[in-house]
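No value in this document is a laboratory result; all are computed from the given coordinates. None of these values were measured; they are calculated from a predicted model. Positions of Cβ are backbone-derived with ideal geometry, glycine not excepted, and every protein chain shown enters the neighbour counts.
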Amino acid sequence: MPCNAKTRSGTLCQKPPLAGKIRCRLHGGLSLSGESHWNYQHGNCTKEIRRKIVEGNAYIKLLEQMAISLGMIQSKR
């Protein structure tokens, strides 16, 4: 399977891709990817994690309001 990147002349590159990559060395095959890339994201900022954080914060706020209403703690205001 060739690289198939579009060259400056408008044709498709016919060079073979690097092992484990989809592009040849001239068209980005040597670029870092995955954990070796300097901007690698570890998955702690996914939509699911953010949703869980929002739910957790809402639960903490509810518990705080309950503790204030029971007189266990004083209001921050």
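Would you list, by chain and number, the lysines whose Cα falls below 27 Å from the Cα of Lys15, excluding same-chain residues fewer than 8 positions away?
Lys15 reaches Lys6.
Hey, fewest Cβ within 10 Å first, where do Arg8, Arg25, Arg51 land in order?
Arranged by neighbour count, lowest to highest, Arg8, Arg25, Arg51 become Arg8, Arg51, Arg25.
Can you sort Ser31, Ser36 from fewest to most other Cβ atoms within 10 Å of each residue's own Cβ?
Ser36, Ser31
Please list, or write none, the lysines whose alpha carbon is within less than 30 Å of the alpha carbon of Lys47, excluding same-chain residues fewer than 8 places away.
Lys21, Lys61
With N denoting the number of residues in the chain, provide Rg(C-alpha) divided by 2.2 N^0.38 Å, to two decimal places.
That ratio works out to 2.27.
Using the beta-carbon distance between Leu63 and Tyr40 and R0 = 25 Å, what value does 1/(1 + (r/R0)^6) give for FRET efficiency, to the nearest 0.05?
0.10
How much mean residue ellipticity at 222 nm does the chain get from its helices, if each DSSP H run of length 4 or more adds -39500 (n - 2.57) and you divide by all residues, to the nearest 500 deg cm²/dmol?
-10500 deg cm²/dmol
Dipole magnitude of the chain about its Cα centre, charges +1 at Lys/Arg Cβ and -1 at Asp/Glu Cβ only, in debye to the nearest 20?
Once rounded to the nearest 20, the dipole reads 400 debye.
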